[in-house]
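Here the structure comes first, spelled out in structure tokens, and everything after it is commentary.
The values are calculated or read from the model by the stated rules, or taken from the named source; none is laboratory data. Here the structure is a predicted model, which is why all the values come from computation and not from measurement. Methodologically, a virtual Cβ is constructed for each residue, glycine included, from the backbone with ideal geometry; neighbour enumeration extends over all protein chains shown. Protein only, heavy atoms only, side chains kept; ligands, DNA and RNA dropped before computing areas. Shrake-Rupley method; radii C 1.70, N 1.55, O 1.52, S 1.80 Å.
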Amino acid sequence: MKNKVFNYIVGKIAGGEKLHFTLVDPDKVSRLDELEKLMDIASSAGTDAFLIGGSTSVTPEEAGATAEVLKKSGLPVVVFPGNLNCLTPKADAVLFMVLMNTMEPYYLMQVQVLAAPLIRKYGLETIPTGYIVFNTDTAVGHIGRVYPIPYSKPELVLAYALAAEMMGFKLLYLEAGSGAQSHIPPAFPGIVKKHTELITMVGGGIRSPDTALELIKAGADIIVTGTIMEKDPERGVSIIKTIKNYRG
């Protein structure tokens, strides 16, 4: 079915749900028994999908092996590509992203052009995604050469969101960065949700159920956590259950 994963996301949101995605970095969860344990914990808690991405050292073979394990959960497995190395035909879909606030031309269009023939050959579903990274002191901020957006300027986030919508993106991912010291302000997903029809996904620096709840109340449709699931699964489960129990 065309757009199966995207329709799955849209259907859940239309039904009044808030979603949680578990981000798995194959380089950090390399043992298959550890990966299966993480998968079982997250899926039992109610996570809605798995993202594969993260480290620059992930090989396509590692991404593929990770996807094969995660698909045993029966949940969608989506590539969240830091680069071409994370692409694998074993996944269900890929976030086809543009890093909107980068100063590096490679991430604005060059990598997408390189990736497109591979994605078509692999038969992966694409989800057009605008991607904004807020902290320069994270790995993604450094490698992506992001142009920082002040936390005091939600109107700038809205300008990016409007541009994303006008360019035909379906999803906007607002990320503090993996391992960031703080999450983004709730005003950011709030202003995007108020003025656009974009599905709004938020990740980075989310370490407590209260933080996740604050962000979804503000307007986030999807919360992404990764590091917390690796380091403190019990707290990760609490975050997932808080999101899935919410009815606004």
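The set of residues in region 57-74 that are touching a residue at least 40 places away in the same chain (Cβ under 8 Å) and among the hydrophobic types (A, V, I, L, M, F, W, C) contains only L70. Has region 99-110 got at least one residue that is in contact (Cβ under 8 Å) with a residue 24 or more places away in the chain, over 26 Å from K2 (Cβ atoms), assigned to a strand (DSSP E or B) and polar (S, T, N, Q)? Yes: region 99-110 contains one or more residues that are in contact (Cβ under 8 Å) with a residue 24 or more places away in the chain, over 26 Å from K2 (Cβ atoms), assigned to a strand (DSSP E or B) and polar (S, T, N, Q). Checking each residue in region 208-231 for being at pLDDT 95 or above and open to solvent by 50 Å² or more (accessible area, probe 1.4 Å) picks out D210, E214, K217.
Listed here are the residues, each with its yes/no results for (1) open to solvent by 60 Å² or more (accessible area, probe 1.4 Å); (2) under 28 Å from Y160 (Cα atoms); (3) more than 19 Å from the chain's Cα centre (by Cα).
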{"residue": "G54", "(1), (2), (3)": "no, yes, no"}
{"residue": "A65", "(1), (2), (3)": "no, no, yes"}
{"residue": "S73", "(1), (2), (3)": "no, no, no"}
{"residue": "P81", "(1), (2), (3)": "no, yes, no"}
{"residue": "L87", "(1), (2), (3)": "no, yes, no"}
{"residue": "L124", "(1), (2), (3)": "no, yes, no"}
{"residue": "T129", "(1), (2), (3)": "no, yes, no"}
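Entry remark, region 182-206: residues being of a type in the set (K, R) and either touching a His at 6+ places or on another chain (Cβ under 8 Å) or closer than 13 Å to G248 by Cβ (or both) number 1 in total.
Give the residues of region 180-213 that are in contact with a Leu (Cβ under 8 Å, 6 or more places away or on another chain) and touching a residue at least 60 places away in the same chain (Cβ under 8 Å), sorted by residue number. Those that are in contact with a Leu (Cβ under 8 Å, 6 or more places away or on another chain) and touching a residue at least 60 places away in the same chain (Cβ under 8 Å): L198, I199, M201, G203.
The residue that is surrounded by the most Cβ atoms within 10 Å (Cβ to Cβ), counting only those in region 140-174 that are assigned to a helix (DSSP H, G or I) and in contact (Cβ under 8 Å) with a residue 60 or more places away in the chain, is A164.
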